[in-house]
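The values are calculated or read from the model by the stated rules, or taken from the named source; none is laboratory data. The structure presented is a predicted model; accordingly, all values stated were derived computationally and were not measured. Here the Cβ positions follow ideal geometry from the backbone for every residue, glycine too, while neighbour counts run over all protein chains shown.
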């Protein structure tokens, strides 16, 4: 068709996979009863799930079919969908433009500079792999970025940043828009249907092409790659793992805020990370203060101690009443969000009213935090009650045991 209409070859190179084998490694044949029709796969998981399954495999080898791996590919596509849904949920009312980021490079937080560097390096590396026909490596690298760098890491930080009004909020939302649009273009050859739907519903502006598949392949900007901050982020992530290990050793859950962590280290990269990423440690580590001490110093106090590549972590595990209250609030917030999910309520769309019955000590610890809880759970009101008769009929009730504290929570969708 390309030759007929445009007198040009429609492609320069064609690459195909080997045979599709069954889970035992045998060739598929109807006579063996191991043949799986493509439409059976498509009707269950959709075309893009099957494409993702195939694209993740080494092109020059045969592929073993697996329903379990198809299910895994389906879950990954759901994560991609949820990442883009996050942008629509938190940033739909904001001005989103790449120029906002590029004109405010000096105002980017360290976590934002890291993400900007990562997307530029990723763009460069994916193009190199595509040019070499290492298609599976390019696709898997894109998936890893969306799932691990975005969904499981940066978006949790962005959620906190987007709660604060001001220029910073505009910069973070535009950075996410810029990164996600770039990723969408690079994922389009692999996942043509889901990327087109996301583009048309969430990204397309009046001046944009009619389809995501009409964009040129993005070009990396090497001048925005910052090797130093990427190394410091690696060191910061290693420290976060050590903090989680120290918590587990002391049997302290991640939602429980802690006062401080001391890091005995002589590593200049880790010291740089400690100076830069205080916000990261506060949000992801749930530790108020993280600082370096001389590598041979052993502090006095009640610590959970973990040795890791960068040095030795001393995590202060003494919990004051204030910290205990903050941990309890985090537990209550999480339980209410879980109840919202069980009721099928959409964040940012449907609000709730909430009633709580608890002992006096629990009530005294939670009540000062009610204004902050309301925003986090999309609630119009949260009221402590003396008895169950104060709750209107028809509310959804759950009883919770929060570290030995019995709490009853009712929620109702606001009409």
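Per-structure values
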read-out	value
Some residue of segment 308-317 being assigned to a strand (DSSP E or B), touching a residue at least 24 places away in the same chain (Cβ under 8 Å), in contact with a helix residue (DSSP H, G or I) (Cβ under 6 Å, 6 or more places away or on another chain) and crowded, with 21+ Cβ neighbours inside 10 Å	yes
Extreme residue, surrounded by the fewest Cβ atoms within 10 Å (Cβ to Cβ), among residues of segment 339-379 that are touching a residue at least 60 places away in the same chain (Cβ under 8 Å) and assigned to a helix (DSSP H, G or I)	375
Residue in segment 2-15 that is closer than 29 Å to residue 147 by Cα and surrounded by 13 or more Cβ atoms within 10 Å (Cβ to Cβ) present	no
Subset tally (residues that are in a loop (DSSP other than H, G, I, E, B) and farther than 23 Å from residue 121 by Cα) for segment 186-237	8
The one condition in (1) part of a loop (DSSP other than H, G, I, E, B); (2) at pLDDT 95 or above that residue 255 fails to fulfil	(2)
Flag for residue 347 being touching a helix residue (DSSP H, G or I) at 6+ places or on another chain (Cβ under 8 Å) and farther than 16 Å from residue 400 by Cα	yes
Every residue from segment 1-59 that is assigned to a loop (DSSP other than H, G, I, E, B) and touching a residue at least 60 places away in the same chain (Cβ under 8 Å)	13, 15, 46, 56, 57, 58, 59
Residue list for segment 48-63, restricted to those being surrounded by fewer than 15 Cβ atoms within 10 Å (Cβ to Cβ) and within 30 Å of the chain's Cα centre (by Cα)	58
Residue, surrounded by the most Cβ atoms within 10 Å (Cβ to Cβ), within segment 268-307, restricted to residues that are assigned to a loop (DSSP other than H, G, I, E, B) and in contact with a helix residue (DSSP H, G or I) (Cβ under 7 Å, 6 or more places away or on another chain)	277
Only listed residue being within 18 Å of the chain's Cα centre (by Cα) and under 19 Å from residue 232 (Cβ atoms), chosen from 122, 108	122
Residue selected from segment 23-33 under the condition closer than 26 Å to residue 136 by Cα and either out of contact with any strand residue (DSSP E or B) (no Cβ under 7 Å at 6 or more places or on another chain) or at pLDDT below 85 (or both), by the criterion surrounded by the most Cβ atoms within 10 Å (Cβ to Cβ)	26
Test result for residue 186, within 20 Å of the chain's Cα centre (by Cα) and in contact (Cβ under 8 Å) with a residue 60 or more places away in the chain	yes
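Residues are listed down the side, and each one gets a yes or a no for (1) surrounded by 16 or more Cβ atoms within 10 Å (Cβ to Cβ); (2) outside the structural domain of residue 306 (by TED's automatic domain parsing):
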{"site": "187", "(1), (2)": "yes, yes"}
{"site": "192", "(1), (2)": "yes, yes"}
{"site": "195", "(1), (2)": "yes, yes"}
{"site": "202", "(1), (2)": "yes, yes"}
{"site": "220", "(1), (2)": "yes, yes"}
{"site": "237", "(1), (2)": "no, no"}
{"site": "242", "(1), (2)": "yes, no"}
